[in-house]
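Derivation of every value follows stated rules applied to the coordinates shown; laboratory data play no part. From a predicted model like this one, the values you see are computed outputs, not experimental measurements.
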Amino acid sequence: MRPRPTHISADNSRGLLTIRWDDHSECEYPFITLRTACPCAECRLRQKDRHSKSLSGELEIPLHSVQVRKLERLEMIGNYALRLVWQDGHSYGIYTRDDLRELCPQGQTMKEKTLSESSVR
Ligand SMILES: [Zn+2]
């Protein structure tokens with residue numbers, strides 16, 4: 001049984017997205033982590049580009065703009081994915097529950113499980 005989010009909240013002043021899961025764990029994602037890991041095609045391409053060109057360009061995505069780091073709103077898509085709409089209008093990133101578990105800074109214990117699941121796919 002994979003955990004589901006039971007409560008999601010975003011705090012623009014702290015730049016944190018908090019997700020509570022039905023296995024009683026809680027994850028706090030800095031917005032910058034989410035934006036950098038944006039799973040949309042456009043950002044994926046940029047991430048790939050960055051890896052092939054330089055390893056030092058960790059923050060090459062223009063995060064200097066405040067809007068890039070603030071959320072406009074959250075949308076649940078069904079009960080398995082979350083769409084983040086950023087204040088700069090970027091809204092293509094749909095994060096699945098698996099993505100979110102993988103990104104969870106507090107979710108180290110989940111790592112092994114998530115990895116074996118994704119290798120099956
Ligand atoms: Zn994106």
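In order along region 95-104, the phi-based Karplus estimate (6.51 cos²θ - 1.76 cosθ + 1.60, θ = phi - 60°) of 3J(HN,Hα) comes to 9, 7, 4, 4, 4, 5, 5, 5, 7, 4 Hz; Gly and Pro are listed as x. Per-residue 3J(HN,Hα) values for region 82-92, derived from phi via the Karplus relation 6.51 cos²θ - 1.76 cosθ + 1.60 with θ = phi - 60°, read 10, 9, 9, 10, 8, 5, 8, x, 6, 9, 8 Hz in sequence order (x marks Gly and Pro). Coupling constants for region 11-27 follow from the phi torsions by the Karplus curve (6.51 cos²θ - 1.76 cosθ + 1.60, θ = phi - 60°), and in residue order they are 10, 5, 6, 9, x, 10, 10, 10, 10, 9, 10, 6, 9, 6, 8, 9, 10 Hz; glycine and proline get x.
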